[in-house]
Each structure stands twice: as C-alpha cells, then as structure tokens.
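Let me begin by presenting the structure, written as structure tokens, before commenting on it.
Bear in mind these aren't lab numbers, they're just calculated from the coordinates by the rules spelled out. Worth saying up front: this structure is predicted, and the values here are computed from it rather than measured. Positions of Cβ are generated from backbone atoms using ideal geometry, with glycine treated the same way; all protein chains shown enter the neighbour counts.
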Amino acid sequence: MNAASPPAPSLSLSLTAPERDLVERAASITGQSLDHFAAAALLEKAREVVQPGAIRALSHRDAIRFLEVLDSDAEPNEALKRAATRYRGRHG
C-alpha cells in the first residue's frame, strides 16, 4: 500500500472459519492487524504473479539486434506505426 494515496474502497473476502483462523493466527504472529496482514499478503502474491510478465529476458543475439535497431536511423514501418496508434488510443 502506498502511504501517499488514500485507501481504496474495502475488499471483501469469503473465508471458511478454519481459513480465517489461520490468517488471524498468522497476522497475530507477525504483529499486524488482520487487515494489514491480508493486504500485504495479497499485494505480495499479486506482484509475484504480475512481475514475470513485466520482464523480458533476451538472448544475447536478440539483445544485440535490439540495440542495433535502437541505434539505426530507420523509419518505423507500417506495422509499428499502427501499433503506436493503437497504444496511444488505449493509453493516451
């Protein structure tokens, strides 16, 4: 959670009694409130799921090619122009 931004509306979770007891126990062991523990665990899992898709590892060959393209003075082709237009339409 970002301390600079106000909290979003609450999130409701359905847990069985044993699941809630387990989460409450874990929160207690860490010295956190149930809300703080649940939010931290949820955010940690979300980052774990999202992060692999955010990083692309390139082979040495692909990295060299990528740098060559960045350094070239070539004009963008039509496919790249269409992709840029789509991106601007979706992301402003």
Legend entry - Highest-fluctuation residue, 11, 80, 70 considered, GNM on the chain with Cα pairs under 10 Å: 80
Inset, instruction - May I ask you to list, by number, the DSSP H helices of the chain whose Cα span along the axis is at least 18 Å and whose average Kyte-Doolittle hydropathy reaches 0.0 or more? - result: 34-54
Inset, instruction - For residue 72 paired with residue 43, estimate the spin-label separation in nm (one decimal), with each label point 7 Å from Cα along the Cα-to-Cβ line. - result: 4.3 nm
Legend entry - Exposure proxy ranking, count of Cβ atoms within 10 Å, fewest first, for 66, 37: 66, 37
Inset, instruction - Please name which of 46, 18, 34 has its Cα lying farthest along the dipole of region 3-56 towards the positive end, using unit charges on Cβ (Lys, Arg +1; Asp, Glu -1) and the Cα centre as origin. - result: 46
